[in-house]
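These notes concern the structure reproduced below.
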Amino acid sequence: MPTEGTARSLARSWRLLRGFRLEQRDPDAFYDLLSADAVELLACAVGVADALTLDVGGGAGYLTRALRAAGARCVLVDADAGELSWRGPPPAGSVVADARALPMPSAAVDLVVSSNVLEHVSEPFAVVDEMARVLRPGGHLWLSFTNWYGPWGGHETSPWHYLGGDRARRRYAARTGHDPKNAFGASLFPMHVGGTLRRLARHPLLDVIDARPRYLPEAARGLVRVPALREVLTWNLEVLARRRRSPS
């Protein structure tokens, strides 16, 4: 992913972090902001125009719409029909399917994207394997996820997740009278920066091109190389990988 000038990098991070205030009261504004930022980075890094693209776990389709607006031929896949229609009719051509069994032939897709999905599935690396399978050789995988020990690792149960996911879930339910949408052990699972990077480094089909904190300024890029610190301060890990021409 390309580097940014200092002023632009700081302004971008400030804009994204401020956007979190909108997530609950104006989700359209928040997810449109996040999606536009992702597409801008992808357009600079790998190009999206006319790319056959799979948006895995894209929910209401914010990222799919942004990619299509940039010229990508994007197909949205989500396992939950309710998520697809959460904000109205889903994008045309959307598919209900399990991310562990994507409805695409092998080596067929130019680009696979997955934004803030892996922490919500019980077998995240099975999903990564499947995304790698459908990529053509030389195709790109872009993914991001919220790491567990970051400030937002427990999602709406934060910061109580630092005392344990089950405890945070029970506390939230006692306070609100209902389970959180992102319930630990059911729809929210711990993801870690170091473990993920090690797994990707050993992947037989993928080469990691870049990894960085998604919302932080360019100057914070080095955090991903610092054990322990990266788990707390990264907030959200963004990874760009390329499918190898031949398996290792």
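Throughout, read-outs are computed from the coordinates displayed, never taken from laboratory work. Values in this document were obtained by computation on a predicted structure and should not be read as measured data. Glycine also receives a Cβ, built like all others from the backbone with ideal geometry; neighbour counts cover every protein chain displayed.
Taking N as the number of residues in the chain, what is its Cα Rg relative to 2.2 N^0.38 Å? Let's see the in-between values first.
Numbers: Rg = 17.3 Å, N = 248, 2.2 N^0.38 = 17.9 Å.
Output field value: 0.97.
Considering the Cα trace of segment 1-124, what is its radius of gyration and what is Dmax, both in angstroms?
14.9, 43
So how much slack lies between Arg221 and Ala36, counting 0.36 nm per residue of separation and subtracting their Cα-Cα distance, in nm?
64.5 nm
List the extent of the Cα atoms of segment 102-248 along each of their three principal axes, largest first, rounded to whole Å.
52, 38, 22
Would you grab the residues whose amide H sits under 5 Å from the one on Ile209? Only those 5+ places off in sequence or on another chain, please, with H modelled 1.01 Å from N.
When sequence neighbours closer than 5 places are left aside, the close amide H contacts are Leu240, Ala241, Arg242.
Using only alpha-carbon positions, what ratio does the radius of gyration of segment 65-120 give when scaled by 2.2 N^0.38 Å? Could the numbers behind the result be given before it?
Working: Rg = 11.7 Å, N = 56, 2.2 N^0.38 = 10.2 Å.
Normalised by 2.2 N^0.38 Å, the Cα Rg of segment 65-120 equals 1.16.
Taking H as built 1.01 Å from N, whose amide H comes closer than 5 Å to the amide H of Val109, not counting residues under 5 places away?
Here the answer is Leu135, Arg136, since their amide H atoms fall under 5 Å of that of Val109.
Place a +1 charge on the Cβ of each Lys and Arg in the chain and a -1 charge on the Cβ of each Asp and Glu, then give the dipole magnitude about the Cα centre in debye, rounded to the nearest 20. Don't skip to the end; give the middle numbers.
Values: 31 positive and 26 negative charges, 117 e Å.
Charge dipole, the chain, about its Cα centre: 560 debye, nearest 20.
If the chain between Ala69 and Arg175 were fully stretched, how many nm would it gain, using 0.36 nm times the residue separation less the Cα-Cα distance?
On the way: separation 106, 0.36 × 106 = 38.16 nm, distance 4.15 nm.
My answer for the length gained is 34.0 nm.
Could you tell me the calculated FRET efficiency between Cys44 and Asp207, based on Cβ-Cβ distance and R0 = 22 angstrom, to the nearest 0.05?
Details: r = 19 Å, r/R0 = 0.87.
Using R0 = 22 Å, I get an efficiency of 0.70.
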